[in-house]
Amino acid sequence: MDFAHDARTEELRKRLEAFMTERVLPAESVAREQRAAAADRWEPVPVLAELQREARERGLWNLFLPDERYGAGLTNLQYAPLAEITGRSPQLAPAALNCGAPDTGNMELLAEFGSQEQRERWLDPLLEGTIRSAFAMTEPAVASSDARNIGTRIERDGDEYVINGLKWYISGAMNPRCEVFIVMGKTDPGADPRRQQSMILVPRDTPGLTIRRAMTVLGFDDDWHGGHAEISLENVRVPAGNLIGGEGSGFAIAQARLGPGRIHHCMRLIGMAERAIELMCRRALERTAFGGPLADQGVVRTWIADARVAVEQMRLLVLKTAWLMDTVGNRGAHTEIQAIKIAVPRTVTEIVDRAIQVHGAGGLGQDFPLAELYASARSLRLADGPDEVHQRSLARRELARFAD
C-alpha cells in the first residue's frame, strides 16, 4: 500500500478541513440552541440547511458514492480520510455533506440494485437531499443479528405485495422528511435460508404503516438525524414494482449494503476518537487536581498515549480494508471488514470513556459532546451486526485455514 493521499484526496481533505473549522464546528452551538427552541424536535435544525447549501458550493456533496453518475466517484481509500473528518462532528457534518446514515446505505443499494423507475422516484431526490429514508430490518421479537429470524412477511397478491410485521430501532424514521422505508421481510419461508428474504420500498404515507413510538439510545433521542422508531406494518399494500431485485434476493442485497456501511461507520468513528483525544488533552491541561494539572497525572498521560496508539492502529486497519475493497472487492475484504467492525467501535468506546473520566461530571452532561459520542460508539457495537456475530464468523474462517 502507498500510505500517501493522492492529489485529489488531499485537495478534498484540505477543503473539508476548512469547512469543518470555519462552518461546521462553530455551528454546533447554534444547532443546539435551535434544537432546544424547536416546536418539533424531529425537524432538522435550520442551520443544517445552510451548511448543506455551502457544502454543495464547496464541492463537498455526495462524496461517499463511488459511481460518478451519482456521486464524487471516489474509491473507498479516497473517501476514508474524508469520512474520518466528518466523524469529528457526527451530528452535523455527515448530514451537511449528504453523507449520513442510513441514507448512504440506501442510496448505494438503490444505485446498485434498484430499477430505473425506483432510482428516478427515490434515488434522485435522496441524492439531492430533498428527502430522507430509512432501512427497516431489526425486529423486537427475534434476534435480528441472524437474518433468518426475520418474521415480517411480504406476500404477493396479484399486482401488489402485502406486508405485515413489526420493526424497531429504524434509524431516521422520526424525521418528517423520511419519505420511504426499505423493508426487509420474508417472501418464501420455505426456501433456502438465504433465499427467504426480500426487500421492498414502502412510502411513508402508505396505509397500514404506523410510527408507533421513538426509541432512545442510552437515554438519547438521537433527534439530530431523525431518531429511531418502532413501526408496525399491518396489511400494507404496495405495487409489485416496489420490490428491489427479485424475490429471495434480500439477504444478498443486505450483505452488499452492509459492507460499505460498516467501513463508513468505522471511518467516522476514528474522527470521533480524534475529537475525544483533543477534548481530553485540553481538559487535562486546563484542570488542576492534587496540586498540579491533570496532564501531570501518570494515569492521564497513559490514557492519552494509549489512545493515540489505538487510533493509529485503527486507521491503518481501516485504510487496508478500504484498499482491499477497492482492489479485490467486498468479498475479498470480508475478513478485514469484520475485523474493523469488531475493533473500532470497541476501541473508540474505551477512548471516549476515558475522555469522559478526565472531564469528571462535565463529561456526562450536555456541555461537552462526549456523552453523545459514547452512546453513538457503543450503539455501533450492535448496529450492522453485533461484535459476537463478527467474532464467530471471523474465528470460523481462521480455524478453516488449519483444519485437515
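The values are calculated or read from the model by the stated rules, or taken from the named source; none is laboratory data. Keep in mind that this is a model prediction, so the values were computed, not measured. Cβ coordinates were reconstructed from backbone atoms using ideal geometry, including for glycine residues, and neighbour counts include every protein chain displayed. Surface accessibility is based on the protein's heavy atoms, side chains included, excluding ligands, DNA and RNA. Shrake-Rupley method; radii C 1.70, N 1.55, O 1.52, S 1.80 Å.
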Restricting attention to the range 219-265, the residues that are more than 14 Å from the chain's Cα centre (by Cα) and not small (Gly, Ala, Ser) number exactly 19
Just to be sure, is ILE150 touching a Lys or Arg at 6+ places or on another chain (Cβ under 7 Å), at pLDDT below 95 and among the aliphatic types (A, V, I, L, M)? yes
Could you tell me how many of the residues in the range 348-375 are open to solvent by 30 Å² or more (accessible area, probe 1.4 Å) and closer than 21 Å to ARG315 by Cα? 4
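Select from the range 134-166 the residues that are in a loop (DSSP other than H, G, I, E, B) and of a type in the set (A, V, I, L, M) and write down the one among them that is most open to solvent (accessible area, probe 1.4 Å).
Among them, the one singled out is ALA141.
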Give me the residue from the range 24-44 that is open to solvent by less than 80 Å² (accessible area, probe 1.4 Å) and over 22 Å from the mean Cα position of the chain (by Cα) and, out of that set, farthest from CYS178 (Cα to Cα). PRO26
Specify which of the listed residues (ARG381, ARG346) is part of a helix (DSSP H, G or I), closer than 30 Å to VAL299 by Cβ, touching a Lys or Arg at 6+ places or on another chain (Cβ under 8 Å) and not acidic (Asp, Glu). ARG346
Have a look at ALA289, ALA256 and point out the one that is open to solvent by 20 Å² or more (accessible area, probe 1.4 Å), more than 24 Å from MET107 (Cα to Cα), modelled with pLDDT under 95 and not acidic (Asp, Glu). ALA289
What are the residue pairs meeting all of these: first residue in the range 383-399, first residue without any contact (Cβ under 8 Å) to a residue 60 or more places away in the chain and of a type in the set (Ser, Thr, Tyr), second residue surrounded by 14 or more Cβ atoms within 10 Å (Cβ to Cβ) and part of a helix (DSSP H, G or I), Cβ atoms under 7 Å, and 6 or more apart or on different chains? SER393/GLN338
Does any residue of the range 91-104 turn out to be of a type in the set (Gly, Ala, Ser), surrounded by fewer than 24 Cβ atoms within 10 Å (Cβ to Cβ) and over 21 Å from ILE337 (Cα atoms)? no
When GLY332 is evaluated against the numbered criteria (1) buried (at least 22 other Cβ atoms within 10 Å of the Cβ); (2) modelled with pLDDT under 95, which criterion, by number, is the only one it fails? (1)
Restricting the first residue to the range 171-183 and requiring it to be on the phi > 0 side of the Ramachandran plot, which pairs with a second residue that is part of a loop (DSSP other than H, G, I, E, B) meet a Cβ separation below 7 Å and a spacing of at least six or different chains? GLY172/PRO102; GLY172/HIS225; GLY172/GLY226
Among the hydrophobic types (A, V, I, L, M, F, W, C) and not in a loop (DSSP other than H, G, I, E, B), is that true of ALA72? no
When only residues in the range 1-23 that are in contact (Cβ under 8 Å) with a residue 24 or more places away in the chain and assigned to a loop (DSSP other than H, G, I, E, B) count, which is surrounded by the fewest Cβ atoms within 10 Å (Cβ to Cβ)? PHE3
Looking at the range 202-224, can you tell me whether even one residue there is within 17 Å of LEU109 (Cβ to Cβ), among the aliphatic types (A, V, I, L, M) and buried (at least 23 other Cβ atoms within 10 Å of the Cβ)? yes
Among the numbered criteria (1) open to solvent by less than 40 Å² (accessible area, probe 1.4 Å); (2) in contact with a Ser or Thr (Cβ under 9 Å, 6 or more places away or on another chain); (3) touching a residue at least 24 places away in the same chain (Cβ under 8 Å), which one does ARG378 miss? (1)
Can you tell me which residues in the range 115-133 are in contact (Cβ under 8 Å) with a residue 60 or more places away in the chain, part of a helix (DSSP H, G or I) and crowded, with 20+ Cβ neighbours inside 10 Å? TRP122, LEU127
Given the criterion under 24 Å from the mean Cα position of the chain (by Cα), among the acidic types (Asp, Glu) and within 30 Å of TRP323 (Cβ to Cβ), identify the matching residue among GLU388, GLU398, GLU372. GLU388
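Inside the range 31-52, can you point out the residues that are part of a helix (DSSP H, G or I) and among the hydrophobic types (A, V, I, L, M, F, W, C)?
Result: ALA31, ALA36, ALA37, VAL47, LEU48, ALA49, LEU51.
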When the residues of the range 45-62 are filtered to those that are without any contact (Cβ under 8 Å) to a residue 24 or more places away in the chain and of a type in the set (Lys, Arg), which remaining residue is least open to solvent (accessible area, probe 1.4 Å)? ARG56
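To keep it simple, each residue is scored yes or no on (1) under 21 Å from the mean Cα position of the chain (by Cα); (2) under 30 Å from GLU372 (Cβ atoms); (3) of a type in the set (Phe, Trp, Tyr).
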residue	(1), (2), (3)
GLY172	yes, yes, no
ARG177	yes, yes, no
VAL183	yes, yes, no
ARG194	no, no, no
ILE200	yes, no, no
PRO203	no, no, no
THR206	no, no, no
VAL217	yes, yes, no
